[in-house]
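The next block holds one structure in the form of structure tokens; read it before the comments.
Nothing in this text is a laboratory measurement; each read-out follows from the coordinates by a stated rule. In this text the structure is predicted, and so the values were computed from the model without any measurement.
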Amino acid sequence: MPVFIVGFARSGTTLCQRLVSEHLGLPTLPETHFFERLEGHGPHGRNLPVAGARGLLKELADLLPLDPAAFDDLLAGDTVRIRDLFLRLVAEQLGSRSLAARGRWLEKTPLHALHLKRIAGMFSGARFICMVRHPELAFASRRELNEPGKGWGEAWRPIESLCSEWRGLMASVREFDQQQPGKLLYVRLEDLSARPKREVNRIARFLEMETDDATGEVDEGALLQPFETWKADALKPADRDIATRAGRSQLDAYDRWRVQTLLAPELKTFRYLDPSVQPPALDPLHRKLVESIDWFLSPRY
């Protein structure tokens, strides 16, 4: 039963990966980005043209240590099964083909949240953990990484764009959960950081596994690549401040108000709704601009 951890970026997916691997004894590997990048290489059903497979591996080689020769036998024909290609990639990262084939491992790529149906179709026994963090703080953390020398080079984006991305990702996860109930568990970063033992036990019950506190620390290389310096906090002991300490200064009163208004239904679901947040003073021109933005963001547009 493979386990996939997904969620909006900067929502605690790496911390969850470390704690689950440590306490449940699941081998883990760095983010593969496999299904996130797959769509750009011509998948057809459960198969991928060999040319597309080579292109995908070349793209992933910029993110993961890969030995191209390890895939030669899979790429000898005209097409390759996507599942086989992914399992070989997992095996390369775990250092064991038999371990990868056994299916008892943990993979974490946040944007795989948009591909849960495809993954579940290839791994019928797969289970998914969706990490959730107050979007205001997840966005603030993303903004913090816009500063020179930090993050993955993401450009600054307006708060409405971040809200739209968060809402779309969560809608995709919710749709999967409704269609295939029992396969996905939501975990809030606020709860995981404040009460790690309780939340890990809840995850263990969901996965029908036993916790083992004697498993030991996870190797840093299984969690992050050398260039992923922004994930370093996930290697520290969990504490209740993890969810709230990053990037708070990156959002102003307008940003916080927009988060609370644009994402109100979702915030209520995850207990993040704050009725005390009031709109900032806006002159008529700025009110018109906000109305225009909302019109463009509307699904009816």
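Quick look at the numbers
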item	result
Relative contact order [Cα under 8 Å, 6+ residues apart], the stretch 36-104, whole percent	29
Shape box of the stretch 67-107 [Cα atoms, principal axes, largest first, Å]	30, 18, 15
Normalised contact order of the stretch 73-134, rounded percent, pairs of Cα under 8 Å and 6 or more residues apart	17
Cα shape, the stretch 5-47, gyration tensor, a/c 1.5 rule	prolate
